[in-house]
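Report on the following structure.
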Amino acid sequence: MPNHFLQDKRFDLFSSSMGIIGLGLGWRIASDTFGWPHLIGETILLAGSVVYGVLLVVQLVRICLCPNALVDEWRSSAQFVFFSAATISGSLLAAAVLPYSTTLAKFIWWPTTSAQLVLLVASMRRWMTTTHPVTEANPTWLIPMVGNASPAFAGVALGYEDLSRAMLMSAIACWIAFQPIILFRLCFAEPRIAVRALPGLKILVSAPAVIAIALSTILGHGNLLTEFGTYCSLFFALCVASHGKRLWEARFSRSWWGFTFPMAALSSALIRLYQVRPGAFTATLAVGCLSVATAIVTIVVFAALRHGLTSTGDNHGADGHARSAADL
C-alpha cells in the first residue's frame, strides 16, 4: 500500500512549491517597493518552504521504497522535464532564506544549482540524440531552461555571479532556440490543443519573466532586454488568458498548480520594471498582476485542499501533467 501511494507522487508536484514561494518573493519585493507589510510575503514564504520540505521528504522516501517508479519517470518523455521543478523551487527557497541565513542559503543553493545544470544538459542530450516528431514539442520543454536562469536569484547575492551569469546565458540561448519550435507546434501542427492541456501554455509566460528577473538581478538594474522579457511574458499571459473559461473547463488536477508560478514570476518582473520606470502604467500592471497571482494561488490552494493535493481529476490516477504534455 505505501508503495502504491508513493508511485504517482511525481516531481511535477513541486510546481506547488514553485508557485507559493514565487508568490512570497513577489510580495517581498512589493513590500520593499510600495511599503506594504512584510508579514504577508514572509508568511507565504514560510508556507512554501514547508510544502517544499514535505515534498522533498516524500521524494527521498520514494527513492528508497519504489525506485523503479522514479526510473520510469525519468525515462518518460512527458515527465522527465518536471525534475527541474524541484531545482527551481530550491533556487527560489535559497532566495527566500537569504535575508535570514547566508549559510542556509548556500546549503540550499549549491545542490539545487548543480542538479539543475545536470538536468538541462541531460534534457538537451535527450532531445539531440533522440528523434522527436514536432507534435512532442510542448511548452514543458522550457522548464529546464527556466531552471538554469533561476540560480541568479540568490547566486549573485551569495557571491556566485559568474556562475549565475553562465547559467543564465545558457538558459537564454536555449529559450531563443526552442521558443520558435514550440510556437510552430502550437500554431501549425495537429492534433490541436485539448482542453485539459491548456495549463501547459502558462510556461510560455514564466520563461521570459524568469529570464528578465535573473538578468536584472545580475545587472543590478533593468534595461531594454529586461523590459523586453517582462512585456513578452505579459503578452503571453494575455494570450493564455484569452482562452477564457476553457482554462477552467477541465476538472481539477494537479496540473492547475502550473498556473501559479508563471503569474508570480510575471508580477515580480513587473514590479522590477516599475522600479526602473515608475509611473501609473507600470504601477497598475505590477499591482494588478500581483493581485491576480495571489488570487490564483489562493484558488488553487483551496481547490487542492478540497480535492487532495495529488488529485488527478478525470485522469483516474494518471498524472495530470503527463496527460497535458502528451496532448500539446
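Values as computed for the structure displayed
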item	result
Segment LEU65-SER101, length gained on full extension (0.36 nm per residue, minus Cα span)	9.6 nm
Inter-probe distance in nm under a simple model that places probes 7 Å from Cα toward Cβ, at ARG126 and PHE302	3.7
Residue-averaged [θ]222 nm for the chain, counting only DSSP H segments that reach four residues, each worth -39500 (n - 2.57)	-24000 deg cm²/dmol
Point-charge dipole on Cβ atoms (K/R +1, D/E -1) for the chain, about Cα centre, debye to 20	260
Heavy atoms of HIS132 accessible to a 1.4 Å probe, total area in Å² rounded to 10	50
Span from the region 201-235 Cα centroid across to the region 54-120 one, whole angstrom	23
Correct choice for semi-axes √(5λ) of the Cα gyration tensor in Å that was computed from the model, options (i) 32, 28, 19; (ii) 27, 22, 21; (iii) 41, 25, 19	(ii)
THR131 accessible area, 1.4 Å probe, all protein chains in place, Å² to nearest 10	130
Exposure ranking of PHE188, PHE178 by accessible area [1.4 Å probe, largest first]	PHE188, PHE178
Chymotrypsin sites (Phe, Trp or Tyr not before Pro) lying in DSSP loop within region 13-100, provided at most 11 other Cβ fall within 10 Å	TYR100
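The values are calculated or read from the model by the stated rules, or taken from the named source; none is laboratory data. Only a predicted model underlies this, so the values are computations on that prediction, with no experimental measurement involved. For neighbour counting, all protein chains shown are included, and Cβ atoms are generated from backbone atoms with ideal geometry for every residue, glycine included. Calculation scope for accessible area: heavy atoms of the full protein, side chains included, ligands and nucleic acids excluded. Shrake-Rupley method; radii C 1.70, N 1.55, O 1.52, S 1.80 Å.
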